[in-house]
Amino acid sequence: MDTILACLHGAAYVAAALALPLCALRRTAMVVLLLAALGSLGAGFAAPGPRTLTTVHSYAGFVGASQEVSMRAFPTGEAAAAGWLWPLPFAAFALLWVLVLRGLGDRRPARPWLLPLSLAWTATAAWLGLQALAAPAATVQPLGLDRFLFPAGLALALLAARSAAGLRALLFTISAGTLAARLPAALWSKLASDLRLGTCLDVTPVRDIVNPMTGLLFDPRLLPGSPEQQFWLIWLEHVVMFPALYLLSLFGIGFAVHMYHRHGA
């Protein structure tokens, strides 16, 4: 059941994102959002008893006695709540975006960045709410932020590709947008780590990680809460590495769509 819910949530994020630039998908997206919300509410009310969730932060490290670098899950906190509560953040997110898509009708958004960034930020808030209310692990991990930030970035790239005056404007819009979409997560990660709030963005317990520059464990070990730890696990990840990776793929998609609309048949 948890896997089905995770697939429904993923489909809802993708459908809502693609419906922003593609008017023909809006009715379908609204149906998918409502189905995902109703499925989550049904699962929550079917098992209203107490629930617990152990959140994790994944980073490159050595697992056990293995000498090969792989993604290692570091437990970062534990949440507990009644079972009927966890679907509420996602249901609120789904209802909000059904109303947004319904309000858009057949119109394309006037600004290519406003609605994709709003989608990214509201999905981030819902994702954090799911963790606080002990949602099933499959709905928040292991893909984490990328299950909705990449679709939101794709929506931004498609909208910008049709409205940008040139390639420089397209590059700037996509690069600034991917950074802005992830910035709230970086700021929350900083706050959660400083105050030991848990969630997947609390990096305080994450110490035995591999230095991406050397391929070896940090020696001496990273100190919890230190500037060095937060640089490698928060700012490098959210402000440099993932925006750069997103830009490589999203700009390629945006470039192809932009050239098609300018020079295609």
Six or more apart or on different chains, Cβ atoms under 7 Å: show the pairs whose first residue is in the stretch 221-236 and without any contact (Cβ under 8 Å) to a residue 40 or more places away in the chain and whose second is among the basic types (Lys, Arg).
ARG221/ARG207; LEU222/ARG207; PRO224/ARG207
Could you tell me which of the residues LEU119, LEU154 is closer than 22 Å to SER40 by Cβ and touching a residue at least 24 places away in the same chain (Cβ under 8 Å)?
LEU119
In the stretch 91-150, the residues that are closer than 19 Å to LEU5 by Cα and either among the acidic types (Asp, Glu) or not in a helix (DSSP H, G or I) (or both)
LEU133, ALA134, ALA135, PRO136, VAL140, GLN141, PRO142, LEU143, GLY144, LEU145, ASP146
Condition (residue is over 19 Å from ALA120 (Cα atoms) and either among the polar types (S, T, N, Q) or out of contact with any Phe, Trp or Tyr (no Cβ under 8 Å at 6 or more places or on another chain) (or both)) applied to the stretch 178-188: is it met by at least one residue?
no
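Conditions tested, residue by residue: (1) under 19 Å from ALA138 (Cβ atoms); (2) surrounded by 18 or more Cβ atoms within 10 Å (Cβ to Cβ); (3) of a type in the set (A, V, I, L, M).
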position	(1), (2), (3)
ARG26	no, yes, no
LEU33	yes, yes, yes
ARG51	yes, yes, no
ALA73	yes, no, yes
Go through the residues of the stretch 213-221 one by one and say whether even a single one is of a type in the set (Asp, Glu), surrounded by 14 or more Cβ atoms within 10 Å (Cβ to Cβ), on the phi < 0 side of the Ramachandran plot and not in a helix (DSSP H, G or I).
no
How about the stretch 165-175: which of its residues are surrounded by fewer than 22 Cβ atoms within 10 Å (Cβ to Cβ) and either touching a Leu at 6+ places or on another chain (Cβ under 6 Å) or at pLDDT 95 or above (or both)?
SER175
Selected residue (only one of ALA24, ALA47 is over 19 Å from the mean Cα position of the chain (by Cα), modelled with pLDDT under 95 and farther than 14 Å from ASP106 by Cα)
ALA47
Name every residue in the stretch 188-208 that is in contact with a His (Cβ under 9 Å, 6 or more places away or on another chain) and surrounded by fewer than 18 Cβ atoms within 10 Å (Cβ to Cβ), in order of residue number.
PRO205
Those residues of the stretch 19-35 which are β-branched (Val, Ile, Thr) and either in contact (Cβ under 8 Å) with a residue 40 or more places away in the chain or closer than 24 Å to SER163 by Cβ (or both), in sequence order
THR28
Here are some residues: LEU248, LEU154. Which one is at pLDDT 95 or above and either under 21 Å from LEU117 (Cα atoms) or of a type in the set (Asp, Glu) (or both)?
LEU154
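The values are calculated or read from the model by the stated rules, or taken from the named source; none is laboratory data. Here the structure is a predicted model, which is why all the values come from computation and not from measurement. So basically every Cβ, Gly included, is an ideal-geometry build from the backbone, and we count neighbours across all protein chains shown.
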